[in-house]
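The values are calculated or read from the model by the stated rules, or taken from the named source; none is laboratory data. Keep in mind that what you see is a predicted model, and the values were worked out from it rather than measured. Please note: Cβ atoms are built from the backbone with ideal geometry, for glycine as well, and neighbour counts cover all protein chains shown. Heads up: the accessible areas ignore ligands, DNA and RNA and are worked out on the full protein's heavy atoms, side chains in. Shrake-Rupley method; radii C 1.70, N 1.55, O 1.52, S 1.80 Å.
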Amino acid sequence: MTDITLGDHIKFPAYGEKSISSQVIFITGKRGSGKSYTAGVLMEEMERAKLQFVCFDVLSAHLGLDSLPNVESISPREDETLDMNLLVSKLANGNKSLIIDVGNCTLPKQQLLISDYCEALINAKIGLSHKKTLMTIFEECQDFVPQQGKPISFNSIVRLCKLGRGLGYGTTLITQRPAACNKEALSQAAVYLTHNVINSRDLKALEEQLSFGTDRERVKRILQGV
């Protein structure tokens with residue numbers, strides 16, 4: 001069975017019931033700790049395993065991935081309307097992965113694009129109709145599922161996190177501030193990839209999330225090494 005390898009001792013199954021491509025993943029760490037690098041390796045590994053992904057690239061950090069054989073990129077403008085139903089249909093009927101560079105759009109525009117995409121993806125039910133998986137990656141997710149306030153992207157991402165596994169979808173949420181991300185979305189995460197975290201509020205937020213159904217003392221020992 002093919003593995004998705006993120007490090008010497010970090011491997012996940014690419015296919016089957018426990019496939020990483022249908023999980024909710026949370027990647028966090030302070031600025032410069034390697035979050036985007038980890039996300040980049042994840043996407044490279046998924047492309048190698050012939051698994052599809054879509055990345056909403058807020059920081060324009062992953063455009064180089066479109067040099068890979070089955071990865072394309074688009075850079076929507078602020079005044080541009082994207083037909084997300086058409087985009088999702090192309091994903092469903094093809095084998096290409098997609099980097100959506102939204103770095104040149106305002107935050108409200110980014111939130112609207114993400115909301116439209118999530119709703120189109122949920123409605124398409126690709127996993128059921130095409131028997132495959134699709135991972136969606138959200139950089140700077142605190143702007144789209146914040147702890148305070150509910151932008152238009154909020155409910156759509158939470159729905160994708162909750163319903164995705166049954167529809168063949170995975171979700172990766174990336175942020176440097178766990179405390180700024182809504183617990184309703186983070187509670188769906190099955191995989192935590194935690195880099196260096198130093199803010200006490202962020203460490204507390206991680207402790208609360210990781211302690212759900214887990215021995216608290218063990219979690220504290222884990223977080224001492226973060």
Checklist line | The one condition in (1) among the hydroxyl-bearing types (Ser, Thr, Tyr); (2) touching a Leu at 6+ places or on another chain (Cβ under 9 Å); (3) open to solvent by less than 40 Å² (accessible area, probe 1.4 Å) that SER73 fails to fulfil | finding: (3)
Next item on the list: Hey, can you tell me all the residues within the range 20-44 that are out of contact with any Ser or Thr (no Cβ under 6 Å at 6 or more places or on another chain) and of a type in the set (Gly, Ala, Ser)?
Entry: GLY29, GLY32, SER33, GLY34, SER36, ALA39, GLY40
Notebook entry, point to check: Among the residues of the range 154-166, is there at least one that is open to solvent by less than 10 Å² (accessible area, probe 1.4 Å) and over 16 Å from CYS181 (Cβ atoms)?
Noted result: yes
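Of the residues PHE154, PHE138, PHE144, only one is touching a Leu at 6+ places or on another chain (Cβ under 6 Å) and over 20 Å from GLU17 (Cα atoms); which? Can you show your working first?
Numbers: PHE154 fails: touching a Leu at 6+ places or on another chain (Cβ under 6 Å); PHE144 fails: touching a Leu at 6+ places or on another chain (Cβ under 6 Å).
The unique qualifying residue is PHE138.
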Item checked: Complete set of residues in the range 178-194 that are surrounded by fewer than 20 Cβ atoms within 10 Å (Cβ to Cβ), more than 11 Å from PHE26 (Cα to Cα) and either touching a helix residue (DSSP H, G or I) at 6+ places or on another chain (Cβ under 6 Å) or not charged (D, E, K, R) (or both) -> ALA179, ALA180, GLU184
Notebook entry, point to check: Is there any pair with a first residue in the range 137-160 that is touching a residue at least 60 places away in the same chain (Cβ under 8 Å) and farther than 17 Å from LYS109 by Cβ and a second that is open to solvent by less than 10 Å² (accessible area, probe 1.4 Å) and among the polar types (S, T, N, Q) whose Cβ atoms are under 9 Å apart and which are 6 or more apart or on different chains, and what are they?
Noted result: ILE137/THR171; ILE137/THR172
Notebook entry, point to check: For the range 78-89, what are the residues that are under 18 Å from VAL58 (Cα atoms) and either loosely packed, with under 11 Cβ neighbours inside 10 Å or within 17 Å of the chain's Cα centre (by Cα) (or both)?
Noted result: ASP79, THR81
Note to self: I'd like to verify a number: residues in the range 22-64 that are farther than 20 Å from LEU121 by Cα and open to solvent by 50 Å² or more (accessible area, probe 1.4 Å), how many?
What the structure shows: 11
Item checked: Every residue from the range 90-102 that is in a helix (DSSP H, G or I) and open to solvent by less than 50 Å² (accessible area, probe 1.4 Å) -> LEU91, ALA92
